[in-house]
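Note sheet for the following structure.
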Amino acid sequence: MPLLDAVVERVTGFDAKRLVVVPLIVLLLAASVLAYSQLAFGTPVKLGMDFTGGTLVRITTAESKDELLAKFSEFPNVIIREAGDEKILQFGPMSNEEKEKLIQLVTSYPDYEIKDVSPLFGKEAQAQTVKALVIAFLLMAIVIFIVFRTPVPAAAIVFCAVSDIIIAAACLNLVRLELSLGTVAALLMLIGYSVDSNILLTTKLLRSSPVTGRSKKSGMLKVLERLKEAMRTGLTMTSTTLSAIFAMFVVAACMSLFSEYYAPIPLLRDISIVLIFGLFADLMNTWMFNAGVLRFYLGERAAARAPAERRKGAKTARVEKAAKPQRGGVRRGK
Amino acid sequence: MCGVVSERGGLLRDVRVLVFLVFVLLSLFVIYVYPPPPVGAGTNGNLKFGLDLVGGSYLQLKLEGVLVKVEADKGEIIKHEILGLLRGRGENTSVEIVAENETAVVLETAAILTNEELEALNIGSISIERLSAPPENVTETGNITRITITADEGYVVTRYLEDALGADVEPAVYRGVEIYEIRKLVSKEELENVLDAVNASIGRDERGMEFFVEGVTPGTRDLAKEIMETKLNMLGLRDIPIRTVGTDIILIDLAGVDIATARKLIGKPGKFEIRIQTAGEAGEIKKGMRLEEIKNITVHVLYGDEGIASVGAIPQQRRSDDVERWGAPFTLTREGAAALQDACIKYGAVDDPERHELAMLLDDVVIYSAPLSSDLANELKTRPVYNLIAETGEGEDGRRAAKELIIHLKAGALPVPVEIIGSGEVPAPLGEKFRREAALAAALAFMLVALVVYVRYRNGRIVLPMLMTLICEVIIILGFAAATGWQLDLPSVAGIIAVIGTGVDQLVIITDEVLSGAAATPPTQKKKGKTPVKVYLRRVAEAFNIIFASAATTAVAMLALALMALGTLRGFAIITIVGILIGVLITRPAYARIIQEIA
């Protein structure tokens, strides 16, 4: 696969330090998006109905937005969104009597969907979500530290997972998607997905890596070689995952635009959007940040092991390492 | 381990491949053959679908109540009650506690109190002594009424809280602590005010925290669940899954029921009514008749929510003349007993019970009708009767009928108030659409994945086994769902698609390891079509290290989701975890063996 090889060569061609900087900047930007939201709205991500409570109604009707607004004006905080004949009506919390009335009104339409969440449930869901995220993270970190037992690579993996989630959450804000139970599930799934490719990378570079090599130079070359191999596998992995998730997104979000035969599925749409953002963030974090950190880490370790007189040679090795892939790029053409 | 076997037939002899095949076949068997799928199931076989894929409504209910530990002195409470009684008569006489022990309290007052008055307080069994002067001389000072009340503290506190809060109160043991369950949501302030009046306070737990918890005991929760179940069954909705979460949340999925009906079913308890026959012949009122049919020959006596204090938990039997007669015991409130006595006397039931049956109705349908027994009729002539038994007949039939009647009596009143904290409906046509789309999404995901791996490897001999393995993995997951009766809902479908995504990842890892291992083999050995065992094993071992580590992390993350109490997304978490386990334990080892053969 020429494209895959080209990408691999290009990315591994950069200097490790420069590779690390880009994901850090993106993370910083994402964190500031969340911080802004926290200051402006009180939560880092806008909470959806699952967490605030309210009533959501979906009906198919030819009535216009204004007609519907008039019809449903007696209920609190009506927000109406429309996509063709499909109208989504969202209401704030209301009394039981109002709710019965609303249900009566809504069920008179031939095609409808109702979802009602009390603020109480929402509060409970918020608390549990925070708990689930914290528990998932701790467990994940424990597993990673048990598997790798070396602090720097393990910490890099955990850092990548955190960064993936922060970036995915920031993207949610940017596309104005609210936090739903579906997005929470996806954020948790992201922990699993993001750790996948990082584990591949770290195992490849670390475990089978007797970089104690005769010289630092050959050691680093070996590391780069392994990195490329891992990257080829890893990129394939992420593209298969992305394509599966993309299929979910297309069906859940787009099909209904073309045919009455389909209806949007908000749950699957939410899950797929978060995973798509998260997986792209993960591509960057794994192959730029984590790969950079590992290259740097292995270089340091090799340097520490190398006899003192070779230190000088180590520097040249690093220069060569940076130059090498470019030559590889030319060679690929034949 | 069997290691490397070169001839093709060797694959089938490999234990990993065999296990894999057995699981695939077993899954297909469970889905399509045994237990025999319902008629018309078609390709769905034994798979069950969740509410969002077949249509129906769901309810999320919260049982309202408060669990509280109370530090109280029963003497103080009794004194408070008696003072209240005196104040009600316009007297301001003081009451003193003179002695108190575990079982009884002795109080003295200058006021005159009768047995009846004190009994009406319902705080225990009473005995009264007048000291130093006969009742006719009581206006003189110095005469004293000595009241001895026998009651334990639990009873007194329960009665006091019930009266003061207007709610049912049950003493209970919760997490090893003796507490009171207030079957209504009351605020802490409200409760503190009530307790302050009798110098009592909210008790503290062993950590010194005030024991005041919103919720109900597990026993009450189960009771509520049971009642709802029978109520649903009564309405012809069988096999409705009711799940409980924590101690105070109940989740109900009602397939094929619209939301308005669902909310009515559970949101409001049924209306229980006792009516008395005023005209017509004996035995004219039959079980199953509607209120309209008997309205003209009966009059209202009492409603369950105000007239019935409690219902016995189990049928009671009475043995007479060697026959077991069964009945449903229940207790009336003061008002209820009075209303019953009045009605029985007014309409002549005490003299002619046979033609004046008592009819019980639940939601305007007669569930029981029978005459007063002669001794009850006689007793009612003189005083109200609180404890009643509705007799249902002899032997096993009678017992069953009694049990049913108890359930009906209870169905009229859930033990605690219930609030609907969430509800929703996916109408059947929409569920149909969702199901179609779910299948489409899974198929499309599979096709895209196939495309990507084909573009990557461009070798049918690698891609085909990979895709076959993936399909089989999904089949095994579905087999698991069918075997456990798991309902596939939208989150489960998302989980399956996620498993397709992660599953293929791991196959890619194995493939790349094995392929690069084969590539690294010297040409001489390659010719023979073999990979040296050592290289192969090392490579595969590394692939499995990666796979195990990533499977473990995904699994723990999903575990956190599965444990989220509200359970809405449990399908996603469980299917993902199961998929990961199936992958790691069954399909990956087999695939590693197969791909090694091919490479």
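Throughout, read-outs are computed from the coordinates displayed, never taken from laboratory work. The shown structure was predicted, so the numbers you read here are calculated from the model rather than taken from an experiment. Every residue, glycine as well, gets a Cβ built from its backbone with ideal geometry; the counts of neighbours run over all protein chains shown.
Output the relative contact order of the range A:54-117, whole-number percent, from Cα pairs under 8 angstrom with separation of 6+ residues. Relative CO of the range A:54-117 lands at 49 percent. Among the residues of A:96-103, the average count of other protein chain beta-carbon atoms within 10 Å of the residue beta-carbon is 3.
Think of the protein assembly as shown as a dipole: +1 on every Lys or Arg Cβ, -1 on every Asp or Glu Cβ, centred on the Cα centre; then among B:203, B:288, A:273, A:273 lies furthest on the positive end.
Quick one: in chain B, what % of C-alpha pairs are over 42 Å apart? Could the numbers behind the result be given before it?
Working: 87081 of 179101 pairs.
For chain B, the share of Cα pairs beyond 42 Å comes to 49 percent.
Taking amide H atoms as placed 1.01 Å from N in the peptide plane, the amide H of residue B:204 lies under 5 Å from those of B:211, each 5 or more residues away in sequence or on another chain.
For the cross-link pairs A:115/B:184; A:123/B:184; A:46/A:123; A:131/B:184; B:346/B:381, the ones whose C-alpha atoms lie over 19 Å apart are A:115/B:184; A:123/B:184; A:131/B:184. The residues B:152, B:73, B:248, when put in order of fewest to most other Cβ atoms within 10 Å, stand as B:152, B:73, B:248.
Dividing the convex hull volume of the alpha-carbon atoms in the range B:68-204 by its residue count gives 111 Å³ per residue. So what's Rg/Rh here for the range A:54-117, counting alpha carbon atoms and using the Kirkwood radius for Rh? Rg/Rh for the range A:54-117 comes to 0.92. Note on the range B:559-599 and the range B:190-225: Cα centroid distance 44 Å, given to the nearest whole angstrom. Given R₀ = 22 Å, what would the calculated FRET efficiency be for residue A:82 paired with residue A:178, taking r from the Cβ atoms and rounding to 0.05? After rounding, the FRET efficiency stands at 0.80. Label-to-label distance for residue A:98 and residue B:581 is 4.6 nm, based on points extended 7 Å past Cα in the beta-carbon direction. Over chain A, the hull volume per residue, using the convex hull of the C-alpha atoms, is 151 Å³.
Taking chain A as a Gaussian network of alpha-carbon nodes connected by springs under 10 Å, the highest mean-square fluctuation of the residues A:291, A:252, A:62 belongs to A:62. Centroid-to-centroid, using Cα positions, the range B:4-76 and the range B:410-483 are 13 Å apart. The eigenvalues of the Cα gyration tensor, multiplied by 5 and square-rooted, give the range B:182-267 an equivalent ellipsoid with semi-axes of 36, 14, 10 Å from largest to smallest.
Distance between the pseudo-spin-label points of residue B:286 and residue B:184 (7 Å out from Cα toward the beta carbon): 4.2 nm.
In a reduced charge model with +1 at each Lys and Arg Cβ and -1 at each Asp and Glu Cβ, chain A shows a dipole moment near 3580 debye about its Cα centre. In this simple spin-label model, placing a label point 7 Å from the Cα along the Cα-to-Cβ direction at both residue B:25 and residue A:17 gives a separation of 6.3 nm.
Taking other C-beta atoms within 10 Å as the exposure proxy, B:156, B:535, A:251 rank B:535, B:156, A:251 from fewest upward.
Between amide H atoms placed 1.01 Å from N, distances below 5 Å from residue B:390 occur with B:328, B:330, all of them 5 or more places distant or on a separate chain. The equivalent ellipsoid of the protein assembly as shown has semi-axes of 70, 33, 27 Å, largest first, where each one is the square root of 5 times an eigenvalue of the Cα gyration tensor.
Counts of other chain beta carbons within 10 angstrom of each beta carbon in peptide B:308-314 average 0. The order of A:58, B:89, going from fewest to most other C-beta atoms within 10 Å of their C-beta, is B:89, A:58.
Roughly what % of Cα-Cα distances in the range B:272-391 sit above 19 Å, to the whole percent? That fraction is 44 percent.
Would you mind working out the magnitude of the charge dipole of chain B relative to its Cα centre, with +1 at each Lys and Arg C-beta and -1 at each Asp and Glu C-beta, to the nearest 20 Debye?
5440
Toward the positive end of the charge dipole of the protein assembly as shown, with +1 on the Cβ of Lys and Arg and -1 on the Cβ of Asp and Glu, the farthest Cα among A:16, A:76, B:450 is that of A:16. Ordering B:126, B:83, B:68 by the projection of their Cα atoms onto the charge dipole of the range B:68-204, which places +1 on the Cβ of Lys and Arg and -1 on the Cβ of Asp and Glu, puts B:68 at the extreme positive end. Taking amide hydrogens as placed 1.01 Å from N in the peptide plane, the amide H of residue B:98 sits under 5 Å from those of B:106, B:107, B:108, each at least 5 positions away in sequence or on another chain. Kirkwood analysis of the range B:1-132, using all unique Cα-Cα pairs, places the hydrodynamic radius at 23.5 Å. Using Cβ point charges alone (K and R +1, D and E -1), the dipole size of the range B:272-391 about the Cα centre works out to roughly 160 debye.
A helix-only calculation puts the protein assembly as shown at -18500 deg cm²/dmol for mean residue ellipticity at 222 nm, using -39500 (n - 2.57) for each DSSP H run of at least four residues, averaged over all residues.
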